[in-house]
Each structure stands twice: as C-alpha cells, then as structure tokens.
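Scroll down for the structure; my scribbles are underneath it.
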Amino acid sequence: MPDNILIPYGRQSIDASDIEAVVNVLRSEWLTQGPAIERFEQEVARYCGAAHAIAVSNGTAALHLACLALKVGPGDLVWTTPNTFVASANCALYCGASVDFVDIDPRTFNMSPELLAAKLEEADKQGRLPKVVVPVDFGGQPCELKQIALLAKRYGFRVLEDASHAIGGEYCGAKVGSNAYADITVFSFHPVKIITTGEGGMALTNDPDLARRLRLLRTHGITRDPGVMSKASEGGWYYEQLELGFNYRMTDIQAALGASQLQKVDQFIARRRQLAHQYDLALRELPLHPAEQLEGCCSAYHLYVIRLDQERASRSRRDVFSGLRQEGIGVNVHYMPVHTQPFYRRLGFKPEDFPNALHYYEGAISLPLYYGLTDEQQQYIIEKLKEKLSA
Ligand SMILES: *Cc1c(COP(=O)(O)O)cnc(C)c1O
C-alpha cells in the first residue's frame, strides 16, 4: 500500500482488554497447547451453536484440514466460487484433487445455486460430480445454503462453508458456523476479518468423526488417546502417528486474543451494519450496485463492495479507484476471479468461463469498512466518491 493511505479498507480493533489477555498468557506457563486454546474453541462453538470447534494457525490451514477430513484426494473434484480469495480453491489442490468453479449470482456476488444446479445436472451425466462444494459467504453475507444443502443430498457431495468473512452473520435464524446446512464451516481471524488473532483460523462441525479427524490432522496425525492406538502403551512417553498430518496449531497467545475479541463480536458487527446502512443511503442515487441482501440473510459486513454500473458511470473503475487512493482512501478490489490468476490459467481456465464473476470484477471496488471507522471518515469517503464519479 502507498504510504499516503490514511483510511485502509479494513483493520483490526484492539483495546486494553485484548492487550491484557495476551499479556496474561505471556506471564503464564503455557504459550501453546495450553488452556486458552480449549477455552477459545468452546466459546466460538457456543457462540455459533456448533458441537465442535478446532482452532488452527490460519484460515487456509482450516480449509486444508477440512478437505482432508472430508477425504478429498487425488481423482476427486472440488467446486468453489471464482469470486473468492485463492485459498478457497488452493485447499483442494493441496490434497491432490482437481478444482472447478460455479459462477456467481450478479445480485449477491455469492455462488449461484441455480448455476450450481445446472452444472451438477451436466456433471452427473458425465459421471464427474464433485466430492465437496465450497461456497463462500462473500463480504459476510451467507450463501443460499438451503438450496445448496438440498443439492448436496441429491448429488451426494459434502458442503464446506468458507465463512472467513462471516463470523457473527446469520442465516435463516441460525448463526453462521452452526452448520445447519454445512458439514464443516471455516473462519479466518486475519486482522482485516471480523475478529482477529493475528493469524488464525477455525473449523467447526457437528459431526464427531470429522472433529476427531480435524484434531488429529492439526497435530501431525499424532494421538495420545489409548482408545485409538494400534497397541498397548509402552509407557508415559508413548504416542502414535496414525496419519500424515501437519503442525497447524494456534498458540495460546493468539487464542487468548481471539477469546477477548469474541466478546466484542456483536458490537463490531452492529457498527459494521450501521456503517453499511449509511453507505446504502448515501450512495443510493449513484451509478453503483452494492450487494443485494437476501431475505433471511444477516451479513457480518466484512466488506462493502460497490459495483460500478459501467453503462451509467462516466468514469472507469480504474479512474475512480486511483482517484480515491490519491485522496488517502485505501479502497481495494475483492476479488480478481481466481480462475483468471496465471496459475489457474495454466490449469486450463479461461477468463470468459465464468462471465458473471468477470463482469462483477470489472466494476468492483471495496470501500473502507471496519469497527473503528468514524462517521466523519465515512462522510469524507462518500464525498470523495461522489466527486470522483462526477469528475
Ligand atoms: C482470508 C480468507 C481466507 C484465508 O484465511 P487466512 O487466515 O488468511 O489463511 C480464505 N478464504 C477467504 C474467502 C478469505 O477471505
């Protein structure tokens, strides 16, 4: 980022109680694998209404472990949306599987359940059905998971919800992460997300077998549970590696920060919603389309994206974007469609394969949105945006 950025698109909010929580861990016996992890896991599980929560080193690690827990491997297919961070697709490739995409709904910028249904029908005929589908709650708005879950039942795939943007969001009366319509839900606690642990992530599930696999794979595939060992313990030192896992543990320092942040999640989201509502009202008359919010969905508002209406706007996205950056406003773009990245082009994808995501991308700008953004700063952003659009 250039150093003239005064207002970033997103940032963390850390207060004295967060700092105290971290310092307390530093003064304690345990920096990792101590009591703060379990406490953070239990509190997130309770908040979301999920049976199990497994804390890991970052959201990408949570996606990777989730794919492994769902037994994704070579020869399998995983489908996600092109309008996401690359990690939602990369996680399948880590497991040796292949990736494909389902185009977005131009209203919500989320995976379209209609296009998913059509693609499944075609894939069924060709015997190329996906093992796992990874819908992403883009910007914090939950996907249309009821429809996706019905399709999962019909075609026999599992649902891995990438809710990196959406902790605290609600869908049909239940918290994101409750897994009412998903097998595993994943959060990221990167500093731009809703709550942070510095780096961190979590996988939530209601299935005890999936939870056990997630825990095992988080720590090298090693167990000290005599109930699952191949033979009797040889002594107090004894453990067994049952599978090829990873070191994807979170530290207690991070978990303590997370638990402290979680206490403020509703407060964070209330402010984000208020700011989003103020953007909605102020930008109503402009040639822009914010994400349409669907009935039954309560967004956590990780992002506030405006899609420039290319036909009505007199200025290009590039001009508006760089004009705002010059005013010290740290606008960003979420996302360059994953399938257009050079790495994915080499796998054979062409930009026009997913035209909705491409068209969306060409007009997308993320405006600053975070808990600490003041009304005055927001007024400044709105003013400058109007100016750049009419210039
Ligand atoms: C942030 C993010 C991730 C990855 O999370 P990390 O914690 O940065 O690894 C995955 N998916 C989406 C949609 C994200 O926004």
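So Ile253 passes all but one of these: (1) within 30 Å of Gly10 (Cβ to Cβ); (2) not in a helix (DSSP H, G or I). Which condition number does it fail?
The failed condition is (2).
From the list Gln147, Gln126, pick out the single residue that is out of contact with any strand residue (DSSP E or B) (no Cβ under 7 Å at 6 or more places or on another chain) and either at pLDDT below 95 or closer than 24 Å to Gly73 by Cα (or both). Show your work before the answer.
Details: Gln147 fails: either at pLDDT below 95 or closer than 24 Å to Gly73 by Cα (or both).
Matching residue, one of Gln147, Gln126: Gln126.
Filter the range 177-215 down to the residues that are in a loop (DSSP other than H, G, I, E, B), away from the ligand (no atom under 13 Å from the Cβ) and of a type outside the set (D, E, K, R) and list them by number.
Quick first cut of the range 177-215, residues in a loop (DSSP other than H, G, I, E, B) only: 177-183, 189-200, 206-207.
Next, from what is left, pick out any that are away from the ligand (no atom under 13 Å from the Cβ): 177-183, 206-207.
Listed by number, the residues that qualify are Gly177, Ser178, Asn179, Ala180, Tyr181, Ala182, Asn206.
Quick check on my filter: what residues within the range 43-63 are part of a helix (DSSP H, G or I) and within 15 Å of the ligand (Cβ to nearest atom)?
Selection gives Val44, Gly59, Thr60, Ala61, Ala62, Leu63.
Let me spell it out: the conditions are (1) part of a loop (DSSP other than H, G, I, E, B); (2) within 12 Å of the ligand (Cβ to nearest atom); (3) under 30 Å from Asp15 (Cβ atoms); (4) not small (Gly, Ala, Ser), and Pro142 meets all of them except one. Which number is the exception?
Going through (1) part of a loop (DSSP other than H, G, I, E, B); (2) within 12 Å of the ligand (Cβ to nearest atom); (3) under 30 Å from Asp15 (Cβ atoms); (4) not small (Gly, Ala, Ser) one by one, Pro142 breaks only (2).
Within the range 346-364, does at least one residue satisfy the condition of being in a loop (DSSP other than H, G, I, E, B), among the charged types (D, E, K, R) and under 30 Å from Gly96 (Cα atoms)?
Within the range 346-364, one or more residues are in a loop (DSSP other than H, G, I, E, B), among the charged types (D, E, K, R) and under 30 Å from Gly96 (Cα atoms).
Restricting the first residue to the range 42-61 and requiring it to be more than 25 Å from Asn90 (Cβ to Cβ), which pairs with a second residue that is within 16 Å of the ligand (Cβ to nearest atom) and among the basic types (Lys, Arg) meet a Cβ separation below 6 Å and a spacing of at least six or different chains?
No pair meets every condition.
From the residues in the range 293-308 that are within 16 Å of the ligand (Cβ to nearest atom) and assigned to a strand (DSSP E or B), which one is farthest from Tyr370 (Cα to Cα)? Give the derivation first.
Within the range 293-308, the first condition is being within 16 Å of the ligand (Cβ to nearest atom), and the residues that meet it are 299-305.
Within this subset, residues satisfying the condition of being assigned to a strand (DSSP E or B) are 304-305.
On the way: Tyr304: 10, Val305: 13 Å.
Taking the candidates together, the pick is Val305.
The values are calculated or read from the model by the stated rules, or taken from the named source; none is laboratory data. The structure presented is a predicted model; accordingly, all values stated were derived computationally and were not measured. As a convention, Cβ positions derive from the backbone with ideal geometry for all residues, glycine included, and neighbour counts pool all protein chains shown.
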